[in-house]
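Peer 1: Sharing a structure with you now.
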Amino acid sequence: MQTNTTFSELVQARPKRGSGAPARPRSHYKAILELLRERGPQGVLGSELYSRPDLYGRSPRNRVCELRKNDHLIEGRPHGASNWFYYLIRDNAGVKPRPESPDWYECEYGPRRSAKSAAPGDLSLFAARVRP
């Protein structure tokens, strides 16, 4: 039995589309941005993002593209034969990630005061010690 389909039936059968991106890609976007901020100059490899689809989604490069469209300045360059390296230069508020430093003091408090800026003979560290 063959029936003629009407235009209104076709319109009714058309899939309904939501407006904007679903919530899941938005959480992937935020997770990638947070990882880039956390890593700083160390950066992130694309293979690392693809290895965790539960955190970064199945298309993390699309999220990186969205970050760039939202004025986050992200460096991208090839790494090896089939990998990609991403590094957050600055976010859209102009904030740069903290530079990587092996010195725990500099990580917590910033650059050390140079020894040249201290007054000559300033031994404040030893001032409390009394000699007999």
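The values are calculated or read from the model by the stated rules, or taken from the named source; none is laboratory data. Bear in mind that the values here come from a model prediction, so they are computed numbers and not experimental data. Neighbour counts run over all protein chains shown; Cβ positions are idealised from the backbone, glycine included.
Peer 1: Quick test for you: out of 61, 68, 17, 98, pick the one residue that is surrounded by 10 or more Cβ atoms within 10 Å (Cβ to Cβ) and at pLDDT below 90.
Peer 2: Just one listed residue meets the conditions, 98.
Peer 1: Picking from 18, 80, which residue would you name as being on the phi > 0 side of the Ramachandran plot and free of Cβ contacts under 8 Å to residues at least 12 places away in the same chain?
Peer 2: 80
Peer 1: Looking at this structure, is residue 50 touching a strand residue (DSSP E or B) at 6+ places or on another chain (Cβ under 9 Å), of a type in the set (Ser, Thr, Tyr), at pLDDT 95 or above and surrounded by 11 or more Cβ atoms within 10 Å (Cβ to Cβ)?
Peer 2: no
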